[in-house]
Every structure is written in structure tokens, then in C-alpha cells.
1. Just give me the residues in the range 26-50 being within 30 Å of Phe65 (Cα to Cα) and of a type in the set (Gly, Ala, Ser), in sequence order.
2. Being touching a residue at least 40 places away in the same chain (Cβ under 8 Å), open to solvent by 60 Å² or more (accessible area, probe 1.4 Å) and either among the basic types (Lys, Arg) or under 21 Å from Val293 (Cα atoms) (or both) is true for just one of Phe52, Phe84, Phe92. Which residue is that?
3. So, Arg139, is that one open to solvent by 70 Å² or more (accessible area, probe 1.4 Å), in contact (Cβ under 8 Å) with a residue 60 or more places away in the chain and under 26 Å from the mean Cα position of the chain (by Cα) or not?
4. Mind listing whichever residues of the range 277-303 are hydroxyl-bearing (Ser, Thr, Tyr), under 16 Å from Gln56 (Cα atoms) and open to solvent by 10 Å² or more (accessible area, probe 1.4 Å)?
5. Show the residue pairs meeting these rules: Cβ distance below 9 Å; 6+ apart or different chains; first residue within the range 258-282 and on the phi < 0 side of the Ramachandran plot; second residue among the basic types (Lys, Arg).
6. So how many residues does the range 262-282 have that are in contact with a Phe, Trp or Tyr (Cβ under 9 Å, 6 or more places away or on another chain) and closer than 28 Å to Ala174 by Cβ?
7. Restricting the range 157-173 to residues that are surrounded by fewer than 16 Cβ atoms within 10 Å (Cβ to Cβ) and either more than 31 Å from the chain's Cα centre (by Cα) or free of Cβ contacts under 8 Å to residues at least 12 places away in the same chain (or both), which is nearest to Val250 (Cα to Cα)?
8. Can you confirm whether the range 240-253 contains a residue that is of a type outside the set (Asp, Glu), farther than 12 Å from Gly87 by Cβ and assigned to a loop (DSSP other than H, G, I, E, B)?
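The values are calculated or read from the model by the stated rules, or taken from the named source; none is laboratory data. Computed from a predicted structure; not experimentally measured. Cβ coordinates were reconstructed from backbone atoms using ideal geometry, including for glycine residues, and neighbour counts include every protein chain displayed. Just the protein is used for accessible areas: all its heavy atoms, side chains included, with ligands, DNA and RNA removed. Shrake-Rupley method; radii C 1.70, N 1.55, O 1.52, S 1.80 Å.
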Amino acid sequence: MTLATAPQRSPAAAADRAARRAHGAWFLVLPALIPILVLSAGPLLYGIGLAFTDAQSGRTRATRFVGLLNFSDLFHDTLFWESFRIGLVWAFGVTVPQFLLALGLALLLHLDLRLRWLARALAIIPWAMPEVVVGIMWRLVYHPDAGLLNETLRSLGLSGTGDGRDWLSGLATALPAVIVVGIWAGMPQTTVTLLAGLQNVPRELHEAASMDGAGAWRRFRTVTWPALRPIALAVTALNFVWNFNSFALVFVLTDGGPGGRTRLPMLFAYEEAFRYGQFGYAATMGLAMVAVVSVLLAIYLAGRLKGDDDR
């Protein structure tokens with residue numbers, strides 16, 4: 001009596017079946033891939049090509065290839081590099097306090113407090129507001145005559161009874177005032193991300209550390225922070241890129257003024273393109289910003305990852 005054996009599948013049939021599965025996977029990914037190619041990759045490649053031309057506004061003017069001429073002009077453009085410096089000050093000035101305050105708020109909201117659900121809901125309200133609305137609201141807060149900030153300073157006796165300070169028009173106060181708004185507007189997103197990371201830290205680790213006599217600071221340093229470190233690395237890197245590329249918030253608040261004190265690189269490129277019609281030169285600015293920010297992020301991430309490996 002012989003036992004029936006299962007038919008052996010040939011290598012060609014297995015390869016054909018794997019190819020069909022791969023085609024099916026591409027078919028499922030295609031609906032998500034098409035918008036990315038059309039809305040992200042396509043404009044990016046078009047902008048890179050535009051940076052090597054003298055494209056300007058006006059339909060009758062022919063666009064010519066100029067090679068590296070735009071990059072040469074940009075290298076000697078002191079106004080752009082000043083705006084780039086302001087952009088770095090803005091990005092670091094918003095990202096670092098934003099992370100520290102969000103970390104403190106996330107630790108507070110992670111505690112088992114009464115009405116914690118309400119506090120969490122209120123904490124994300126600035127995140128739900130469009131940047132234009134946030135800008136208009138804070139313009140009212142900073143209003144020199146009837147603004148909430150100046151009224152509060154007057155009530156505390158810290159300001160005179162006359163006209164209040166115009167925070168957004170002062171050469172020394174405009175950039176710090178805008179940075180405060182950036183911190184307030186972006187902190188909820190960082191808080192939610194860190195809070196999600198805190199909820200994934202096993203409670204048993206904290207209990208074991210407490211039984212060993214570890215205080216709150218030691219538990220944070222040895223249990224909480226090692227679990228949050230990868231999330232902190234990702235969120236600070238993303239926040240830096242988002243903050244450096246900010247446009248709408250600063251545009252509504254100051255439009256780059258006074259005297260260019262808050263003219264971020266994105267504002268500078270916008271003015272060059274849509275106010276002066278220099279599309280090729282504006283594309284060169286955008287390409288330069290992408291290159292420099294990519295290098296800064298690579299250095300930052302490499303340093304952080306090397307530090308984690310050393311541990």
C-alpha cells in the first residue's frame with residue numbers, strides 16, 4: 001500500500017506566485033502613492049529644475065537655463081543669509097522651550113489627577129486652531145492700547161497709564177514676541193506625543209524603582225527618560241523642521257517686520273517669488289534651505305544616535 005504524496009511545486013510556479021503577490025501589493029499601495037508623487041515629489045523636482053533657470057513672472061518672457069548663476073547670487077545675498085540666521089534663532093528658540101514645557105505638561109497630565117480628561121482636552125486646543133486664527137488672536141493680545149498683555153501689566157503696576165508697548169513693532173521685542181506665540185501654538189502636539197510615550201512605560205518598572213528607594217528624579221532619569229529618548233529624538237527633529245519652515249503664523253503676526261527682524265527664510269522666498277516675480281531665484285532659496293537644514297539634521301541625529309549607542 002502506497003501513500004499519496006503532495007505534488008511538488010516547481011520553482012517557476014513559486015516565483016510566479018510571488019510576482020503576483022508583489023503586483024497585488026503595489027496595487028494596494030498605489031492610491032496612497034499617487035497623491036505623494038503628484039503633490040510632493042512632483043513639485044519638489046519641478047522646484048529643483050526651476051532653481052537653475054531665470055524664471056520670472058510674465059507670460060511673454062522666455063525662461064532660460066542659467067546654470068549655477070542663481071546660486072552664485074544667493075551666496076553673496078547678505079539679506080537672505082540674515083533671514084536664514086533669524087530663521088535658525090526662531091527654530092531653536094521655539095523648539096527647545098517647546099519641548100521642555102511640553103515634557104513638563106505631559107508628566108503632569110500623566111499623573112492620576114481629578115478631571116485629568118478635561119485638562120488633556122484643554123491642552124490640545126491650540127493645536128486644533130488654524131495658524132491664521134492663532135496669529136489674529138495673538139495680535140489682539142499684543143495690541144498696544146487694548147491688548148490683554150499691556151492691560152495686565154498696567155493692572156500690576158508694571159506699565160504706565162499711557163499707551164502701552166507695541167510688542168510686534170518694536171525692533172527688540174518683535175522676534176521674542178513671535179517666538180512666544182510659536183511655543184504656545186506648537187506645544188500641544190509635542191505634549192500629546194510625549195504623553196503617548198509615557199503611557200507605554202511599564203508601571204512595574206516605576207514600582208520596582210520605588211521599592212529600591214529611588215526618588216522621583218532618579219525614576220525619571222533611569223526609567224522614564226530612556227523610554228522617551230527615541231520619541232524625544234524624533235519629535236525635536238520634526239519640530240525643528242516645521243518651525244524653520246514656518247510661514248503663516250509669522251506672516252499674520254508681523255509680515256516679516258519691523259525692519260526685517262522677523263523675516264524668516266520662507267517669508268523671504270515668498271516675497272521674492274510673489275512680490276517681485278523672481279521664481280527661479282526663489283526656488284534657489286528653497287533648495288538652499290532644504291540642503292542646509294538636511295545637513296544640520298543629519299549632524300544632530302548622528303550625534304544623538306551615537307550617544308545612544310555609547311550608552
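1. Once the filter is applied, which keeps residues that are within 30 Å of Phe65 (Cα to Cα) and of a type in the set (Gly, Ala, Ser), the range 26-50 yields Ser40, Ala41, Gly42, Gly47, Gly49.
2. On the way: Phe52 fails: open to solvent by 60 Å² or more (accessible area, probe 1.4 Å); Phe84 fails: open to solvent by 60 Å² or more (accessible area, probe 1.4 Å).
Just one listed residue meets the conditions, Phe92.
3. Yes.
4. Listed by number, the list holds a single entry, Tyr281.
5. Glu271/Arg263
6. Just the residues of the range 262-282 that are in contact with a Phe, Trp or Tyr (Cβ under 9 Å, 6 or more places away or on another chain), to begin with: 262, 264-270, 272-273, 280, 282.
Subsequent filtering for residues that are closer than 28 Å to Ala174 by Cβ retains 262, 264-270, 272-273, 282.
Residues meeting the conditions: 11.
7. Ranking the candidates gives Ala172 first.
8. Within the range 240-253, not a single residue is of a type outside the set (Asp, Glu), farther than 12 Å from Gly87 by Cβ and assigned to a loop (DSSP other than H, G, I, E, B).
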